[in-house]
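The values are calculated or read from the model by the stated rules, or taken from the named source; none is laboratory data. Predicted, not measured: the structure shown is a model, and the values here were computed from it. Note that we place each Cβ from the backbone using ideal geometry, even for glycine, and neighbour counts take in every protein chain shown.
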Amino acid sequence: MSPVIPIHADIGCAQAPVLVERGQREVFCGLTGIIWLHRKMQDAFFLVVGSRTCAHLIQSAAGVMIFAEPRFATAILDERDLAGLADAHDELDRVVQRLLQRRPDIRLLFLVGSCPSEVIKLDLSRAAARLSHRFMPQVRVLNYSGSGIETTFTQGEDACLAALVPVLPASTQQHEPELLIVGTLADVVEEQLGRLFKAMGVDRFAFFPPRGSDALPAVGPQTRFLLAQPFLGNTAHALESRGAMRVASPFPLGAEGSAAWLHAAGGALGLRAETVEQAIAPARRRAEQALAAHRTLLAGKRVFFFPDSQLEVPLARFLARELGMLLTEVGSPYLHRQHLAEELAWLPAGTRLSEGQDVERQLDRCRAAAPDMVVCGLGLANPLEAEGVTTKWSIELVFTPIQGFEQAGDLAGLFSRPLTRRKLLAA
Ligand code: SF4
């Protein structure tokens, strides 16, 4: 029997209608991405050009994780800047100069736009070009927006990586990776996936973003790239404009998703399905075994997703197909039909899908559905818990290593633990 997973065999929700809402939203802004990006790119610095609110958000969200001098800060726009009474560009130049004198370890500096910098129309791309010209080759300066106007928190990573794509070196055939894995992954996940690629016989692969700015991968028409995260629409577009080709696949969540993702990579590189299966079979078996215990607890339980991270569709697919959970609604801030095509085909037919948010109406639907668990942002979790609803913070799913076979059991545990806890509290 062929071990190849028939990705396109299901129709599922591939053509399902989507409830589109454009009302009040309860989501974090793109600045949040700095929390995981600054830990990944170890010679990069993120300078938010924003208000005290922005500084507060970053400090309180990331503060507990700081063990050394942080690699992010906020250049505060004060009343004089906001009223147009000071030259914000001059002040920004002074801040950057002081920063680079104090931190000679910085090689890549991101100027990160915010709501206030967008409102006063501060042109950070002009500032980045000017500062890059001044500080290259020691420091490259780029810019992107993390503003909360019309964006959600994972779009910060997308904007950051998309800003980095134009400065990736052009490929020469010998030096370019044949496979580029795109999206921030925990180091431990990268190492596990790297071992699997090598077992499959793939040696020329690279991760983007890299850990250091001296390891930017080359890109060109020979590059095949595989998204590791579902929220990288602009990054994918930027890579495609450099000639690279996206490998269509579900995302590497759970045993099934990880297997399909690795098979898609193998297929794109011309490997035989049997070769891939042989390389991944032991890890896949371990993942399936790890899921079994959680399935007993989660099968038949009803879950409702509020839109937050854009991980909702792959997570819902994993919970439904591998753990037997029932999907009452799968909401996502943005449904990228093309990048999610394989995931949507795997969702059970009839699943209610929603895009965007009108929070009060969605809360009404959630209460009417009476799910056993709600996956939502921090702002909604506390009020829902107070109503007796079991919740899971969606942001935790972005901070925790959840991709790949070895993490499948831990990922299931993130959903089974809150239900166990509530059961114990109720006993
Ligand atoms: S970027 Fe906007 S939403 Fe984010 S903290 Fe600053 S003001 Fe608030």
* Report yes if some residue within the range 253-266 is in contact (Cβ under 8 Å) with a residue 12 or more places away in the chain, out of contact with any His (no Cβ under 9 Å at 6 or more places or on another chain) and not in a helix (DSSP H, G or I); otherwise report no. => yes
* Asked: Among the residues of the range 354-371, is any buried (at least 22 other Cβ atoms within 10 Å of the Cβ) and among the aliphatic types (A, V, I, L, M)?
  -> no
* To do: Would you mind stating whether Ser117 is within 16 Å of the ligand (Cβ to nearest atom) and hydroxyl-bearing (Ser, Thr, Tyr)?
  => yes
* To do: Could you run through the range 20-62 and say how many residues are in contact (Cβ under 8 Å) with a residue 40 or more places away in the chain, away from the ligand (no atom under 13 Å from the Cβ) and in a helix (DSSP H, G or I)?
  => 3
* To do: Considering only the range 214-233, state which residues are within 20 Å of the chain's Cα centre (by Cα) and closer than 20 Å to Leu109 by Cα.
  => Leu216, Pro217
* Among the residues of the range 273-288, which ones are surrounded by fewer than 19 Cβ atoms within 10 Å (Cβ to Cβ) and touching a Gly at 6+ places or on another chain (Cβ under 8 Å)? -> Ala273, Thr275
* Any chance the range 131-146 includes a residue that's touching a residue at least 60 places away in the same chain (Cβ under 8 Å), touching a Ser or Thr at 6+ places or on another chain (Cβ under 8 Å) and closer than 26 Å to Ser258 by Cα? -> no
* Asked: Hey, does the range 261-268 have a residue that's in contact with a Lys or Arg (Cβ under 7 Å, 6 or more places away or on another chain) and over 29 Å from Thr391 (Cα atoms)?
  -> yes
* Asked: Are any residues in the range 32-56 among the small types (Gly, Ala, Ser), at pLDDT below 95 and under 13 Å from Leu161 (Cβ atoms), and if so, which ones?
  -> Gly33
* To do: Starting from residues that are more than 17 Å from Leu311 (Cα to Cα) and of a type in the set (Asp, Glu), keep the ones in the range 379-427 and report whichever is surrounded by the fewest Cβ atoms within 10 Å (Cβ to Cβ).
  => Glu387
* Asked: Among Ala345, Ala316, which is surrounded by 23 or more Cβ atoms within 10 Å (Cβ to Cβ), of a type in the set (Gly, Ala, Ser) and not in a strand (DSSP E or B)?
  -> Ala316
* **Pro230 in contact (Cβ under 8 Å) with a residue 60 or more places away in the chain and of a type outside the set (A, V, I, L, M)** => yes
* **the range 206-225, residues that are assigned to a strand (DSSP E or B) and under 24 Å from His38 (Cβ atoms)** => Ala206, Phe207, Phe208, Val219, Phe225
* Report, by residue number, each residue of the range 391-427 that is of a type in the set (Val, Ile, Thr), outside any strand (DSSP E or B) and modelled with pLDDT of 95 or more. => Ile402
